[in-house]
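The structure under discussion appears below in the form of structure tokens.
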Amino acid sequence: MSIPRQIDADLSIEKKDKRRRLSLDKQEARAAFVFVLPFFIGFVIFGLAPFFYALYISFMDFNSFKSLDSLKWTGLSNYKAIFHDSVALSSYFKSFYYTVIYVPLLTAAGFTAAVMLNKTFHWKAFSRSLFLMPYVANIVAISIVFTMLFDPFGGIVNTVLMKMGVENPPLWFAGSGTAILTTALVAVWANFPFQMIVYLAALQGVPSDLYEAAEIDGASRWQRLTRITLPLVSPTTFFLVITATIGSFQNFTIFNALTRGGPGIASRVSSLNIYEEAFSLNHYSYSAAQAIVLFVIILLISAIQWGGQKKWVHY
């Protein structure tokens, strides 16, 4: 065979290979689209569409039962009303206060449990299963148990404290100064197993030879923890902090089950206040405006965290 014909044959084979690869790529793209499509449809119907509807009615006067045809455009009046509503403003500060307590404690508890369970000991698998139990428990069952434990008048916790010599034990869920703190502690107990599982996966990806080299160099356990473990799991920490922060503002269930915003409005966080405005007072436009403001607050906090991660996250 002559050289030109050989070259033509090689080019023909290359073209066929390219077509075959393009065909496979198209098949993979179609398969991926089919798998993603149900989630995308669900997101549009249950996520994106309600968001834009809430944004739309936040500029209307839908604050009482009326037909949608009679709604009037009110502009920013619902948003302006928020800044003159002391209950709404305090609910945002209470949500932020809850986040400041909840996120650091949750991250620390998850990391500590992961470090403990990452060691080799007897009944390791059984211990991990026990740690997972709070995460799979029903929130209503959790609220019943902890309401009994922290009952200020006859609960186990206060009974033990009084026997230890504490004359005036805390009121826990019934105290205006302790309701949010106690709820945050219960939420940490219920949710730290998820953080633990993710941290366990990250810890098992840390090369063991780094610890061996550090130990040979005379590094203490604290130095190995701060110089090796924490920097190498920092991307995981960033992910968990972001998700925990977002989740902490979506705290309706835990507060509704434990305090219902009480005593008075001492623990009436923003999510609970939005619910009360919408479904107790029928202030749909006003509650939608509060929800949009909460969305903006979460977005800003997430943006700040995303910008600050360059200083402490090591990839």
**Request:** Please build a GNM for the chain, connecting alpha carbons under 10 Å apart, and tell me which residue among I228, I82, I57 fluctuates the most.
**Result:** I228
**Asked** Counting pairs of Cα atoms in the stretch 208-314, how many percent are more than 25 Å apart?
**Response** 47 percent
**Complete:** Projected convex hull area of the stretch 44-187, Cα atoms, direction-averaged, in nm², equals 14.9 nm²
**Message:** Once you order the gyration tensor axes a ≥ b ≥ c over the Cα atoms, which shape class does the stretch 261-315 get: rounded for a/c under 1.5, otherwise prolate or oblate by comparing a/b with b/c?
**Reply:** oblate
**Request:** Using a 10 angstrom cutoff on alpha carbons, build the Gaussian network for the chain and name the most mobile of A303, A214, A108.
**Result:** A214
**Fill in**
Log entry: pair-distance distribution for the stretch 80-127, C-alpha pairs binned every 5 Å from zero, whole % per bin is 4, 17, 14, 12, 10, 9, 8, 7, 6, 5, 4, 2, 0
**Message:** Can you tell me the mean projection area, over all orientations, of the convex hull of the stretch 212-268's alpha carbons? Units nm², please.
**Reply:** 6.0 nm²
**Reciprocal of mean inverse Cα separation for the stretch 31-101 (Kirkwood radius, Å)** = 15.4 Å
**Message:** Using a Gaussian network model on the chain with a 10 Å cutoff between Cα atoms, which of G42, G154, G247 fluctuates the most?
**Reply:** G42
**Asked** Does the stretch 149-295 come out rounded, prolate or oblate, given a ≥ b ≥ c as the square roots of the eigenvalues of its C-alpha gyration tensor, rounded meaning a/c under 1.5 and, failing that, prolate meaning a/b above b/c?
**Response** oblate
**Sum of side-chain charges, R221 neighbourhood, beta-carbon under 15 Å (Lys, Arg +1; Asp, Glu -1)** = 0
**Prompt:** Y53 to F39: extension gain in nm, 0.36 nm per residue of separation minus the Cα-Cα distance?
**Reply:** 3.0 nm
**Request:** Just tell me, in residue order, which DSSP H segments of the chain are both 18 angstrom or longer along the helix axis (alpha-carbon based) and at least -0.5 in mean Kyte-Doolittle hydropathy.
**Result:** 3-43, 86-117, 124-136, 179-203, 234-249, 284-308
**Request:** Please give the net charge around M116, taking every other residue with its beta carbon less than 12 angstrom from that of M116, where Lys and Arg add +1 and Asp and Glu add -1.
**Result:** +3
**Complete:** Rg/Rh of the chain (Cα atoms, Kirkwood Rh), to two decimals, equals 1.13
**Message:** Between the stretch 247-315 and the stretch 100-117, what is the separation of their alpha carbon centroids in Å?
**Reply:** 22 Å
**Message:** Just want the ordering: T120, T99, from fewest to most Cβ atoms lying within 10 Å of their own Cβ.
**Reply:** T120, T99
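The numbers here are math on the coordinates, done by the rules we state, and not lab data. Owing to the predicted nature of the structure, the values given are computational and were not obtained by experimental measurement. Every residue, glycine as well, gets a Cβ built from its backbone with ideal geometry; the counts of neighbours run over all protein chains shown.
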